[in-house]
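Here is the structure we will look at.
The values are calculated or read from the model by the stated rules, or taken from the named source; none is laboratory data. These figures come from a predicted structure and were not determined experimentally. No Cβ is skipped: glycine too gets one built from the backbone with ideal geometry, and neighbour counts run over all protein chains shown. The area values use the complete protein model at the heavy-atom level, side chains included, leaving out ligands, DNA and RNA. Shrake-Rupley method; radii C 1.70, N 1.55, O 1.52, S 1.80 Å.
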Amino acid sequence: MAHQLRVIILKPSKYMADGYVERFRWGFMPNSTVPYMRSMTPSVVGDVPVEVHSVDEYVNTDLQYLSLLKRPPGGRTLLALVGVQSHQLHRALDLAAHARRNACLVVIGGPHVMTCDTSMLQGRGISFAQAEAELVWPKILHDAASGEMQPVDGRDQRWQQEIEAPGIIPPARK
């Protein structure tokens, strides 16, 4: 087990036609996936303390978060690319490749992964969450803490008729 698990919950942006990442100074409607995933992330997994960072690339113009995409000494980093839609997949894969080059664990989840065929991308060091986060997030965190990510999580849990609400962890006061 690692001494610490750094979890970066990141909602990727997309590439514009000119190749730049689309960013805005202010968001019209905040993305709810990032804080929701943060609320489901415990401060400890097994006996491993968890440090969590949340990023919405559309409205985050400070690129400092990219410095988190590396493995800390004695610990592990999990980059969770969440809520990935089809038009964001290319950006998500680029962020995943950058994180993997820096010895991070990576999981991609969201509508694209759940509804489209990603088999050509599987087995290349990036995990794919093919079910709702409520069903697979605890297992993904335990796998990351142990350093053994699965190529696919939730393949047999897709298309659930009902999902039990998880225990929500309120944010810490600042």
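Of the residues 66, 81, which single one is touching a residue at least 24 places away in the same chain (Cβ under 8 Å), buried (at least 18 other Cβ atoms within 10 Å of the Cβ) and not charged (D, E, K, R)?
Of 66, 81, the one residue that is touching a residue at least 24 places away in the same chain (Cβ under 8 Å), buried (at least 18 other Cβ atoms within 10 Å of the Cβ) and not charged (D, E, K, R) is 81.
Is there a residue being small (Gly, Ala, Ser) and surrounded by 22 or more Cβ atoms within 10 Å (Cβ to Cβ) anywhere in region 122-129?
Yes.
Open to solvent by 40 Å² or more (accessible area, probe 1.4 Å), at pLDDT 90 or above and within 20 Å of residue 13 (Cβ to Cβ): is that true of residue 91 in this structure? Can you show your working first?
Values: open to solvent by 40 Å² or more (accessible area, probe 1.4 Å): no; at pLDDT 90 or above: yes; within 20 Å of residue 13 (Cβ to Cβ): yes.
Judged against the criteria, residue 91 is not a match.
Under 9 Å between Cβ atoms, at least 6 apart or on separate chains: pull out the pairs that start in region 24-44 with a residue that is more than 13 Å from residue 57 (Cα to Cα) and end on any residue that is outside any helix (DSSP H, G or I) and of a type in the set (S, T, N, Q).
Short answer, once both residue conditions are applied: 35/54; 37/54; 38/54.
Which condition breaks for residue 106 when tested against (1) in contact (Cβ under 8 Å) with a residue 60 or more places away in the chain; (2) surrounded by 18 or more Cβ atoms within 10 Å (Cβ to Cβ); (3) not in a helix (DSSP H, G or I); (4) not basic (Lys, Arg)?
(1)
Checking the structure you have, find out if any residue of region 23-39 is surrounded by fewer than 13 Cβ atoms within 10 Å (Cβ to Cβ) and either acidic (Asp, Glu) or closer than 20 Å to residue 143 by Cα (or both).
Checked against the condition, which is being surrounded by fewer than 13 Cβ atoms within 10 Å (Cβ to Cβ) and either acidic (Asp, Glu) or closer than 20 Å to residue 143 by Cα (or both), region 23-39 yields no hits at all.
Restrict the check to region 54-63 and report whether at least one residue is within 22 Å of residue 143 (Cβ to Cβ) and touching a residue at least 12 places away in the same chain (Cβ under 8 Å). First the steps, then the outcome.
From region 54-63, those within 22 Å of residue 143 (Cβ to Cβ) are 54-55; that's our starting set.
Of the ones still in play, those that are also touching a residue at least 12 places away in the same chain (Cβ under 8 Å) are 54-55.
The answer is yes, given that some residue of region 54-63 is within 22 Å of residue 143 (Cβ to Cβ) and touching a residue at least 12 places away in the same chain (Cβ under 8 Å).
If residue 9 satisfies every condition in (1) open to solvent by 50 Å² or more (accessible area, probe 1.4 Å); (2) modelled with pLDDT of 90 or more but one, which is the exception?
(1)
Take residue 112 and decide whether it is at pLDDT 90 or above, open to solvent by 10 Å² or more (accessible area, probe 1.4 Å) and out of contact with any Asp or Glu (no Cβ under 6 Å at 6 or more places or on another chain).
no
Hey, residue 54 hits all of (1) open to solvent by 30 Å² or more (accessible area, probe 1.4 Å); (2) assigned to a loop (DSSP other than H, G, I, E, B); (3) among the small types (Gly, Ala, Ser) but one; which does it fall short on?
Result: residue 54 passes all but (2).
Check off (1) among the hydrophobic types (A, V, I, L, M, F, W, C); (2) surrounded by 19 or more Cβ atoms within 10 Å (Cβ to Cβ); (3) within 22 Å of residue 147 (Cα to Cα) for residue 44 and give me the number that stays unchecked.
So residue 44 meets the others, but not (2).
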